[in-house]
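First up is the structure itself, then whatever we jot down about it.
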Amino acid sequence: MVRKGMIGIVMTTLLLLGMISAGFAGDAAPYLRIGAGARSIAMGKAFVAVSDDATSSVWNPAGLPCIEDLSFTLYTSKLSFDRRHSFIGVVKNLQGKGAVGFAWINSGTED
């Protein structure tokens, strides 16, 4: 009986710790919230529904098969305080067998 009670306490504690850490996880890498691609950033979260270019590997990977053949996106932006945010994305449709995509996001400062 004590053993079942201890397992319940441990499981509850782990569940609560997991919920707390998930709440703080959004601030671990804030540069990832900037997004990728000029069109998708301009549309905001609405781009998730129409992701049909190489930035869909970041916004909505389920949109990868909707790309006709080959899509390539190169995006860079200069932010305040000499910060830079860059994105490279390539997606290739495999003609009915799915799609393959590669995305690279870089965020940094000058010097």
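The values are calculated or read from the model by the stated rules, or taken from the named source; none is laboratory data. Remember, predicted model here, so these are calculated numbers, not experimental data. We place every Cβ from the backbone using ideal geometry, glycine too, and count neighbours over all the protein chains shown. Heads up: the accessible areas ignore ligands, DNA and RNA and are worked out on the full protein's heavy atoms, side chains in. Shrake-Rupley method; radii C 1.70, N 1.55, O 1.52, S 1.80 Å.
Side notes on the structure shown:
- Solvent-accessible surface (1.4 angstrom probe) belonging to Val50, in square angstrom, nearest 10: 60 Å²
- Largest to smallest accessible area among Lys97, Lys78, Lys92 [probe 1.4 Å]: Lys97, Lys78, Lys92
- Prolate/oblate/rounded label for the stretch 37-79 (Cα gyration tensor, a/c 1.5): oblate
- Heavy atoms of Met6: accessible area, 1.4 Å probe, square angstrom to 10: 110 Å²
- Size-normalised alpha-carbon gyration radius of the stretch 49-111, reference 2.2 N^0.38 Å: 1.29
- Sorted largest first by accessible area at a 1.4 angstrom probe radius, with every protein chain in place, the residues Trp104, Trp59 fall in the order Trp104, Trp59.
- Placing a pseudo-label 7 Å from each Cα along the Cα-to-Cβ vector at Ile34 and Lys97 gives an inter-label distance of 3.6 nm.
- Sites Ala49 and Ser107, calculated FRET efficiency, Cβ-Cβ separation with R0 30 Å, nearest 0.05: 0.70
- Accessible-area value, Thr109, 1.4 Å probe, nucleic acids and ligands omitted, Å²: 80 Å²
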